[in-house]
Each structure stands twice: as C-alpha cells, then as structure tokens.
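**Q** Here it is, the structure, as structure tokens.
The values are calculated or read from the model by the stated rules, or taken from the named source; none is laboratory data. Everything quoted here is computed from the prediction, not taken from an experiment. Every residue, glycine among them, receives a Cβ derived from its backbone with ideal geometry; neighbour counts consider all protein chains shown.
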Amino acid sequence: MNLNSQILFALTVILFTQIYAGSFLFQGMTKQAAAFSFSNVSYFHRFTNQDQHEFTPAGQEDLNAWTDMITINLYRKVRDGEGLAATANAELENYKAHKALVTHVTHRKERVRS
C-alpha cells in the first residue's frame, strides 16, 4: 500500500465508524462470539472507554502484550469530509508521536466532498 491508500483506508474506517458503530456494531456482542472478522482473522471485543473500542484476536486477551489490535474510535464532532480528513491526519500524527509503526499512509489528491 502506498501513502495515499493508507489515508484512504483510515478515512474509510473512520467514516464507517461514524455511520454504523453507534447503531449496530456493538449490539449483541458476547465474550464468546467474535465481534467481526478482518483479513480472515476473528477479532474479539477487549476494551471500551467512551468512544474508543479495542479488539484483538483469540489468544491476545492481555492488552499489555498484544501483537495485533484494531481500535475503532467514534468521532461525534466530524460532520463532513474536511473534518474527517483533519481527524485522520491528527490521529496519524498521534500514532507517530507515540512511536507507533505506521507502515503505509495514503493521501487523496482530490477534495473530499461531503
């Protein structure tokens, strides 16, 4: 993935979360059932704090020792494409500031329309 694809992916995840997370994503989850599957890996809900939800695969229940995690954040103040892009860029910088391994980021050249 190039830099543009990564940003587009991040924006898509944030947009998906904005639209769907509050309505159905977390309803009916149990500790035994996977919350979702991504890239043929089942992810289980491990932690929620306000609008942050963290998921890891089976065998990675210890959040101090995980190797594969998906975090979904709900950004309630994002209302349009520009806000979404600004939020995605701020998140990317936050990850970089905390020495996270960012393997790929994508930038869209055309303007995001709301």
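**Q** How many residues are out of contact with any helix residue (DSSP H, G or I) (no Cβ under 9 Å at 6 or more places or on another chain) and within 15 Å of Thr71 (Cβ to Cβ) if we restrict to segment 82-104? I'd like the intermediate steps shown before the answer.
**A** Applying the first criterion (out of contact with any helix residue (DSSP H, G or I) (no Cβ under 9 Å at 6 or more places or on another chain)) to segment 82-104 yields 82-83, 86, 90, 93-99.
Among the residues that remain, those that are also within 15 Å of Thr71 (Cβ to Cβ) are: 90, 94-95, 98.
Residues that pass the stated criteria total 4.
**Q** Restricting to segment 26-43, what's the tally of residues that are β-branched (Val, Ile, Thr) and modelled with pLDDT of 90 or more?
**A** Within segment 26-43, the first condition is being β-branched (Val, Ile, Thr), and the residues that meet it are 30, 41.
Narrowing further to those that are modelled with pLDDT of 90 or more: 41.
Final tally of qualifying residues: 1.
Okay, residues lined up against (1) at pLDDT below 90; (2) over 15 Å from the mean Cα position of the chain (by Cα); (3) under 22 Å from Ala90 (Cβ atoms):
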| site | (1), (2), (3) |
| --- | --- |
| Asn2 | yes, yes, yes |
| Leu11 | yes, no, yes |
| Phe16 | yes, no, yes |
| Phe24 | yes, yes, no |
| His45 | no, no, no |
| Gln52 | no, no, yes |
| Gln60 | no, yes, no |
| Leu74 | yes, no, yes |
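**Q** How many residues does segment 85-111 hold that are modelled with pLDDT of 85 or more and more than 23 Å from Tyr43 (Cβ to Cβ)?
**A** Of the residues in segment 85-111, 6 are modelled with pLDDT of 85 or more and more than 23 Å from Tyr43 (Cβ to Cβ).
**Q** For segment 58-100, give me each residue that is among the basic types (Lys, Arg), touching a Ser or Thr at 6+ places or on another chain (Cβ under 9 Å) and in contact (Cβ under 8 Å) with a residue 24 or more places away in the chain. Show your work before the answer.
**A** First, the residues of segment 58-100 that are among the basic types (Lys, Arg): 76-77, 79, 96, 99.
Filter once more, keeping what is touching a Ser or Thr at 6+ places or on another chain (Cβ under 9 Å): 77, 79.
The answer is Arg79, and nothing else.
**Q** Checking Ala34 against (1) part of a loop (DSSP other than H, G, I, E, B); (2) loosely packed, with under 11 Cβ neighbours inside 10 Å, only one condition comes out false. Which one?
**A** Here Ala34 meets the rest and fails (2).
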